[in-house]
Amino acid sequence: MDWIVIKRIFRAGFLDFWRNGFVSLASILVMTVTLFVVGVTIFAGVILDSTLSDLRDKADVNVYFTTTASQGQISQLQTQVQALPQVAAVQFISSSDELATFRAKHQNDQLTLQALDELGTNPLGAVLNIKAKDISQYGAIAQFLEQQQALSANGAPSVIDKVNYFDAEHQQALTKLEDITNSAQRLGLIIIAILIFTTIAISFNTLRLAIYTSRDEIQIMRLVGAGAFYIRAPFMVEGVFYGLVAGLTTLLLFYPLTWWMGNATQDFLGGINVFSYYLSHFGLFFLAIVGTGVVLGGVASFLAVRRYLKI
Amino acid sequence: MIYFDRVSKVYADSSVALEDVSFSVEPGEFISFVGHSGAGKTTLVKMLLAEERPTSGAVFFESVNVHDLPLHRINHLRRKIGTVFQDFRLLPQKTAYENIAFAMEASGRPEEEIRSDVPHVLELVDLGEKMNHFPGQLSGGEQQRVAIARAIVNQPDVIIADEPTGNLDPVNTFEIVQILKKINDLGTTILLTTHNKGVIDALKKRVITMDRGHVIRDDREGRYIL
């Protein structure tokens, strides 16, 4: 197609858009609301996912050894645990590291530190920190460790002092949170579906009005033998313009909003700063929001043109 | 060039617009269609432009049945036919120049051609001085001249003028008819529908007389007889 024809189509589309000023504004506003909700849903998804993965990361099994456990005994158990199919990683923390961590944690608690100094020896045993491949496998790993504890108790005293693990109760809480996240995302999608329908219906009627306003031009174009595409395309361009303007408006709105929310919400939103996330993923937001707007405008104009613009 | 072959048009409410109409048009002819309102003149025009389909019969333009043309070819047919109407059909928010340029743009003509042809065609209808006037600033006769300029600017083979003088006084009517004759002298076929006895009698060209959907007379050098 000729460059000149494309230029004329875009010019006519823009003129229609401009001429229908206030009616165009109604379409753009409702589309902006829809795109805003799309954006909020993306943010909510990211934040909830990050909170969940944060919680999942915190799940582990800690094996506390007695102070009398020898390095050989600990290594033997570490090898056994590493061989388990459910285990992703095992980290050994020596008793002196444990003590250093304990001291750092209680650096402002003089009473505890004094008591520790008075003991003269290190009361803390070494620790194995075990991560499972999947959150549901902690039970099995803990069971294995408890068996080990029981076995060694038959003969010599057990080297395992305590097994502290991510238990069924924790898991239930996590599952519940996952359920809430899923429900929230489902609800978000339902709201988006309703808004998309509303947006298309309103834009469809706006374009219907635009076609009506341009009926004289359309009639003359038909009479002088303009092609069907040449007559219809400006209205498609107009619909796409609605999406483009609404998309850019939404992106602009998110800038001050995420900036304002960024620091305030970072702590309880799984460590995510929404403002930095918005800036670092701007390309993705641009594609998702402007892309959705353009597609919505395109669909509405396609439907309106097909229904009301007979050639 | 144009051939109506036993064309009938019956609308859904059983009213008959055309019945068994046949005639042919040779290139370069100037034919006037006369008849009372409702005689079927405008229906004939719409058939030729493929705006309406006949109930039976066929309409041929350059040996092609216009109603067999697919949608994307109909615009090519319409580019060969210029149209002028009683109500001018100019775009009120565009100047005389822009109205004609708009028609050229719509038929895909390049900008240089538009810049050179529009003033030329406005000179031809004697409106070179008023090319930047809006339709509201022009008289009825001048508006119709702009409409004629728009119809001829794409150099069509045929001009259809559907009651072009219906809204004009005798002086302007005379001017419009002179312009149409001039266009015809340059080789373009003219199909004119009119009620105006004076116009028909002055033209001394072929006249097809219609009454209630039938062709009742077809005279080589006709007069207005009803």
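The values are calculated or read from the model by the stated rules, or taken from the named source; none is laboratory data. Quick caveat: nothing in here was measured; it's all calculated off a predicted structure. Note that we place each Cβ from the backbone using ideal geometry, even for glycine, and neighbour counts take in every protein chain shown.
Kindly indicate the residue of the stretch B:49-106 that is over 19 Å from B:Ala149 (Cα atoms) and β-branched (Val, Ile, Thr) and also nearest to the other protein chains (Cβ to nearest Cβ) among those meeting that condition.
Applying the filter and picking the extreme gives B:Ile74.
Go through A:Asp49, A:Asp117 for me and flag whichever is surrounded by fewer than 17 Cβ atoms within 10 Å (Cβ to Cβ), in the same structural domain as A:Leu207 (by TED's automatic domain parsing) and among the charged types (D, E, K, R).
Within the list A:Asp49, A:Asp117, the selection yields A:Asp49.
So, in the stretch A:227-250, of the ones that are among the small types (Gly, Ala, Ser) and surrounded by 24 or more Cβ atoms within 10 Å (Cβ to Cβ), which residue ends up nearest to the other protein chains (Cβ to nearest Cβ)? So that I can check it myself, show each step before the final result.
Let us first name the residues in the stretch A:227-250 that are among the small types (Gly, Ala, Ser), namely A:227-228, A:233, A:239, A:243, A:246-247.
Applying the additional criterion that residues be surrounded by 24 or more Cβ atoms within 10 Å (Cβ to Cβ) yields A:239, A:243, A:246-247.
Numbers: A:Gly239: 21, A:Gly243: 26, A:Ala246: 28, A:Gly247: 30 Å.
Selected residue: A:Gly239.
Just checking, how many residues over the stretch B:164-181 are in contact with a Gly (Cβ under 9 Å, 6 or more places away or on another chain), part of a helix (DSSP H, G or I) and not aliphatic (A, V, I, L, M)?
So the answer is 5.
For the stretch B:79-86, does any single residue satisfy the condition of being part of a helix (DSSP H, G or I) and without any contact (Cβ under 8 Å) to a residue 40 or more places away in the chain? Reasoning before the result, please.
We begin by selecting, within the stretch B:79-86, every residue part of a helix (DSSP H, G or I); these are B:79.
Pick out the ones that are also without any contact (Cβ under 8 Å) to a residue 40 or more places away in the chain and you get none.
Looking for residues that are part of a helix (DSSP H, G or I) and without any contact (Cβ under 8 Å) to a residue 40 or more places away in the chain, one finds none in the stretch B:79-86, hence no.
In the stretch A:156-206, what residues are over 30 Å from A:Phe235 (Cα atoms) and of a type in the set (Gly, Ala, Ser)?
Listed by number, the residues that qualify are A:Ala156, A:Ser158, A:Ala168, A:Ala173, A:Ser183, A:Ala184, A:Gly188.
Just to be sure I understand the filter: pairs with C-beta atoms under 7 Å, separated by 6 or more residues or on different chains, first member in the stretch B:31-52 and among the acidic types (Asp, Glu), second member surrounded by fewer than 19 Cβ atoms within 10 Å (Cβ to Cβ). Which pairs pass?
From the stretch B:31-52, the pairs are B:Glu52/B:Lys46.
Every residue, every condition in (1) more than 9 Å from chain A (Cβ to nearest Cβ); (2) hydrophobic (A, V, I, L, M, F, W, C), yes or no:
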site: B:Glu111; (1), (2): no, no
site: B:Val121; (1), (2): yes, yes
site: B:Gln137; (1), (2): yes, no
site: B:Ala149; (1), (2): yes, yes
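Return the only residue of A:Ala88, A:Ala100 being within 34 Å of the chain's Cα centre (by Cα) and either at pLDDT 85 or above or not in a loop (DSSP other than H, G, I, E, B) (or both). Spell out the reasoning first.
Numbers: A:Ala100 fails: within 34 Å of the chain's Cα centre (by Cα).
On inspection, the qualifying residue turns out to be A:Ala88.
Please work out which one of (1) surrounded by fewer than 17 Cβ atoms within 10 Å (Cβ to Cβ); (2) in a helix (DSSP H, G or I) is the condition A:Lys310 fails and give its number.
(2)
Would you check if A:Gly188 is touching a Ser or Thr at 6+ places or on another chain (Cβ under 8 Å), away from chain B (no Cβ under 14 Å), over 30 Å from A:Ala59 (Cβ atoms) and in contact (Cβ under 8 Å) with a residue 24 or more places away in the chain?
Working: touching a Ser or Thr at 6+ places or on another chain (Cβ under 8 Å): yes; away from chain B (no Cβ under 14 Å): yes; over 30 Å from A:Ala59 (Cβ atoms): no; in contact (Cβ under 8 Å) with a residue 24 or more places away in the chain: yes.
So A:Gly188 fails the test.
Would you be able to say whether some residue in the stretch A:262-277 is buried (at least 16 other Cβ atoms within 10 Å of the Cβ) and touching a Leu at 6+ places or on another chain (Cβ under 6 Å)?
No, every residue in the stretch A:262-277 fails to be buried (at least 16 other Cβ atoms within 10 Å of the Cβ) and touching a Leu at 6+ places or on another chain (Cβ under 6 Å).
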